[in-house]
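Chemist: Sending over a structure as structure tokens; questions will come in a sec.
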Amino acid sequence: MIPELDALLADSDASALADWPMDRLRAVRADCAEGETAVSFARRLSQGRLDIVGHEARRRQGTAAGDVNELLFELPDILTDGVGGAAGTRRVTVEDPGAIAEALVSELDGIASPSDLAGVSDLTDDRLAALIASLGNFEQALSSIRRSLFDRIDDLQGEIARRYRDGEASVDSLLS
């Protein structure tokens with residue numbers, strides 16, 4: 001998908017982490033956390049776009065009231081639904097999206113551009129169905145990458161914690 005993400009997940013053999021120097025473990029952990037934030041940002045955008053085209057599909061089927069303008073007015077509430085307080089969710093804060101997020105958003109724009117969304121009510125049923133499928137696949141791919149990044153961060157953090165627990169690293173080394 002994105003070369004920077006591929007690089008973060010390339011050395012995913014947790015058993016090899018014992019040979020890495022501590023500074024590399026910390027640096028890769030920070031890079032993975034940054035990558036996860038970028039993926040979460042793009043995933044949230046893709047979910048919003050999927051909500052828009054899904055609403056239009058339901059409106060056409062008669063199972064959703066209103067038009068796309070009503071949906072756009074309600075979009076801020078849709079996008080924040082469940083973020084922040086519920087168990088298992090977290091607020092995603094991105095000040096500078098960075099290269100990974102920019103590349104993912106560019107890929108997302110290729111699937112469903114803002115102009116596609118602005119004219120969603122004018123799309124053919126086939127184009128609407130294709131957008132729903134493509135956005136769903138993109139969101140699922142991002143979810144999988146995000147899960148892999150979480151696993152990678154857990155492995156890195158586990159190795160760092162093991163070194164402190166086993167006395168191979170000390171807190172004093174952080175202070176010097």
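Chemist: Look through 147, 165 and report the one residue that is of a type in the set (Lys, Arg), out of contact with any helix residue (DSSP H, G or I) (no Cβ under 8 Å at 6 or more places or on another chain) and farther than 19 Å from residue 11 by Cβ.
Modeler: 165
Chemist: Quick test for you: out of 10, 64, 14, 42, pick the one residue that is hydrophobic (A, V, I, L, M, F, W, C) and modelled with pLDDT of 90 or more.
Modeler: Only one candidate qualifies: 42.
Chemist: Surrounded by fewer than 18 Cβ atoms within 10 Å (Cβ to Cβ), of a type in the set (Asp, Glu) and either farther than 22 Å from residue 127 by Cα or modelled with pLDDT under 70 (or both), is that true of residue 36?
Modeler: no
Chemist: Further, regarding this structure: May I ask you to list the residues in the range 107-150 that are surrounded by 12 or more Cβ atoms within 10 Å (Cβ to Cβ), polar (S, T, N, Q), free of Cβ contacts under 8 Å to residues at least 60 places away in the same chain and more than 21 Å from residue 3 (Cβ to Cβ)?
Modeler: Selection gives 113, 134.
Chemist: Follow-up question, since we're still on this one. Can residue 82 be described as of a type in the set (Gly, Ala, Ser) and at pLDDT below 75?
Modeler: Details: of a type in the set (Gly, Ala, Ser): yes; at pLDDT below 75: yes.
When the stated conditions are applied, residue 82 passes them.
Chemist: Moving on to the next point. Output the number of residues of the range 12-42 satisfying the condition of being of a type outside the set (Ser, Thr, Tyr) and under 30 Å from residue 113 (Cβ atoms).
Modeler: 10
The values are calculated or read from the model by the stated rules, or taken from the named source; none is laboratory data. On a predicted model such as this, the values are computed, not experimentally measured, just so you know. With ideal geometry, Cβ positions are generated from the backbone for all residues, glycine too; neighbour counts draw on all protein chains shown.
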